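Some notes on the structure that comes next.
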Amino acid sequence: MGSTFSRTKTWIAETLTASDLNAEFDNILNNLTPAGLDDESASDVAMQAVADPYPGSVISKPTSLTGELQRIRYLINQITGNTYWYEDPAVAMTSKLTLALGAANLKAFMNAAGTAAEWANGIKAITASRDMAAASGDVAYTGAGFKPSAVIAITGMSEAWNTTGFSVGFADASLQAVGLTGSGGTGFYIYNSGYFGGISITAGTQYLTWKSFDADGLTITYAKVSTPTGTARLHFILFR
């Protein structure tokens, strides 16, 4: 690292004059600016060089401007998470630091694109129905307004009291479980894997297995056992 400007005169064996001396000092004073200082990136290797200013929780003091720059570069790497300090970060820091206050009772989330923070409720209840005679298969439910990460399901039949079973269960991307009664509302069973819902009547059962969380809701795989009939009621509480 040196200067980017040139001297005013190359000296030879001659008499030193006040004008020459003043001109050279003026040259230095006028050009000793950031633009007048040479870089520390003469090559890719030099531009990528960094130094940890606090290795092992001990201060590492620079002994030159080069060392100072390398320590600043190191911290830029740590902040952005990039391999090199000069690479654009995946997410603009301003999007994280300048999130305006949201409405009451909202929570901060990362948006679906993963590029900025946003305020949202993060919880949504939706209802649906299921024809108990429908064949086994996948059904998608929408209306959440976001991609959920967990769900609580309450299921049952819209029939007379104590004549059918009901269930309360939950699922996330790694675990699902359910507690359900048998047909007629008698007995109680716990499944800690495989299902997160089930509706039982005397003629048969529809079991619910979580399949996926989608952009606006979730997909359920139904398994019909025997020949149930009627209409089941489904209530889902979805969490972002």
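Quick notes on this one:
- Residue count for the range 25-77 satisfying the condition of being among the polar types (S, T, N, Q) and loosely packed, with under 12 Cβ neighbours inside 10 Å: 6.
- Residue within the range 166-178 that is surrounded by fewer than 16 Cβ atoms within 10 Å (Cβ to Cβ) and within 17 Å of Gly230 (Cα to Cα) present: no
- Counting only residues that are over 18 Å from the mean Cα position of the chain (by Cα) and either outside any loop (DSSP other than H, G, I, E, B) or at pLDDT below 90 (or both), the range 107-137 holds 9 of them.
- For Ser174: the one exception among (1) in a strand (DSSP E or B); (2) without any contact (Cβ under 8 Å) to a residue 60 or more places away in the chain: (1)
- Pairs, first closer than 22 Å to Pro228 by Cα in the range 135-153, second not acidic (Asp, Glu) and not in a strand (DSSP E or B), C-beta under 9 Å, six or more apart: Ala153/Phe196
- Among the residues of the range 212-234, those that are within 17 Å of Ala144 (Cβ to Cβ), in contact (Cβ under 8 Å) with a residue 12 or more places away in the chain and either of a type in the set (S, T, N, Q) or surrounded by 15 or more Cβ atoms within 10 Å (Cβ to Cβ) (or both) comprise Phe213, Asp216, Gly217, Leu218, Thr219, Ile220, Leu234.
- Taking every residue in the range 97-117 that is in the same structural domain as Phe213 (by TED's automatic domain parsing) and pairing it with any residue that is assigned to a loop (DSSP other than H, G, I, E, B) and at pLDDT 85 or above, at least 6 positions away or on another chain, yields no pair with a Cβ-Cβ distance below 9 Å.
- Residues in the range 184-211 that are of a type in the set (Ser, Thr, Tyr), more than 29 Å from the chain's Cα centre (by Cα) and over 16 Å from Arg130 (Cβ atoms) were compared, and the one that is surrounded by the fewest Cβ atoms within 10 Å (Cβ to Cβ) is Thr186.
- Scanning the range 129-145 for residues that are surrounded by 12 or more Cβ atoms within 10 Å (Cβ to Cβ) and either charged (D, E, K, R) or touching a Gly at 6+ places or on another chain (Cβ under 7 Å) (or both) gives Arg130, Asp131, Met132, Ala140, Tyr141, Thr142, Gly143, Ala144.
The values are calculated or read from the model by the stated rules, or taken from the named source; none is laboratory data. Given the structure is predicted, the values throughout are model-derived calculations rather than measurements. Note: ideal-geometry Cβ built from the backbone for every residue, glycine included; neighbour counts use all protein chains shown.
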